[in-house]
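This report concerns only the one structure given below.
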Amino acid sequence: MADPTRPAVLAGGLVYPESPRWDRGSLLVSDVHAFRLVRVRPDGTWRTVREVPGRPAGLGRLPDGRLLLATALDRTLLAGPEDGPMSVHADLSGLTTGLLNDMIVDPGGGAWVGDTGHALGAPERPGRLLRVEADGTARVACEDLVFPNGLALTPDGRTLYVAETFARRITRFDVAPDGALSGRAVHAVLDGIPDGLCLDGLGRLWVALPELFRCDTVTPAGDVETAFGTGDWRPIAVCSGGPGRRTLFCTLARLPEDGTRSGRVAALPLEPGGAGTP
């Protein structure tokens, strides 16, 4: 019998799956180092939706249904049908010093996207969080973040969480109706480096910790608990989906230092279900 506290493999054969999003009945995933966007069906089969030469990162939907996709290397947001022509929604190269990373889109079509500040292996620079409105206008929302990574927005749209990967912490912001950020505070300090985030119906954050081969939860009060281990696969990102959002999807990867490079998607039950964005 399957252990409901450990993720079961749903799909394999990927390279480095990131930024999973439950979308129109299946899972959209940026297979980052394969430079492609893939769609994973509930039965575990998957197909390549499109090649992304600029390297796919965070993704979401605009209110009119168009896909919004961040490209890490080109530092642009592309908008359009997932399997058709896409156009530049916002060119963020003039606002960034690193790579575009995770991105979430709020119900009004405004997006937050992380600028890592520097590429891995390059001299370290502080990163920032960018705000891109539904019309494509962009501004710096917050400076001096340490490699901003996973993002999560509460259901009421009033609190934004950011994983600062190399600071080993989750930072929290208050969000104004116009998208302005204030009230910056450290929400939780973690044992390992955090990557992707998502929220559940209890207000807990689920946090992928690839360095520790496990996922933790963080309560609304900032208390940290180990949720589950991932064996010899590194958890990269998480999101909720399926009926009632009662499935937690976790993307997993092995890196060259693990002896190979490969990726997969796993899943386990999530009660009382997911909430917020992604």
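Is it fair to say Val40 is β-branched (Val, Ile, Thr), modelled with pLDDT of 95 or more and within 15 Å of Asn101 (Cβ to Cβ)?
Details: β-branched (Val, Ile, Thr): yes; modelled with pLDDT of 95 or more: yes; within 15 Å of Asn101 (Cβ to Cβ): no.
No, not satisfied.
Assessment of segment 17-24 against the conditions (touching a strand residue (DSSP E or B) at 6+ places or on another chain (Cβ under 9 Å), surrounded by 23 or more Cβ atoms within 10 Å (Cβ to Cβ), acidic (Asp, Glu) and at negative phi) yields at least one matching residue.
Within segment 108-167, the set of residues being closer than 14 Å to Asp178 by Cα and of a type in the set (Lys, Arg) comprises Arg131, Arg139, Arg158. Scanning segment 150-181 for residues that are charged (D, E, K, R) and farther than 25 Å from Glu211 by Cβ yields Asp156, Arg158, Asp174, Asp178. In segment 132-153, the qualifying residues are those that are in contact (Cβ under 8 Å) with a residue 60 or more places away in the chain and assigned to a strand (DSSP E or B), and the one that is surrounded by the most Cβ atoms within 10 Å (Cβ to Cβ) is Gly150. For Arg21, the criteria (1) out of contact with any His (no Cβ under 6 Å at 6 or more places or on another chain); (2) more than 21 Å from Gly244 (Cα to Cα) hold in every case but one, which is (2). Quick check on segment 185-199. Is at least one of its residues closer than 30 Å to Asp135 by Cα, loosely packed, with under 15 Cβ neighbours inside 10 Å and out of contact with any strand residue (DSSP E or B) (no Cβ under 9 Å at 6 or more places or on another chain)? No, segment 185-199 contains no residue that is closer than 30 Å to Asp135 by Cα, loosely packed, with under 15 Cβ neighbours inside 10 Å and out of contact with any strand residue (DSSP E or B) (no Cβ under 9 Å at 6 or more places or on another chain).
The values are calculated or read from the model by the stated rules, or taken from the named source; none is laboratory data. Computed from a predicted structure; not experimentally measured. Reconstructed Cβ throughout: ideal geometry from the backbone, glycine too, with neighbour counts over all protein chains shown.
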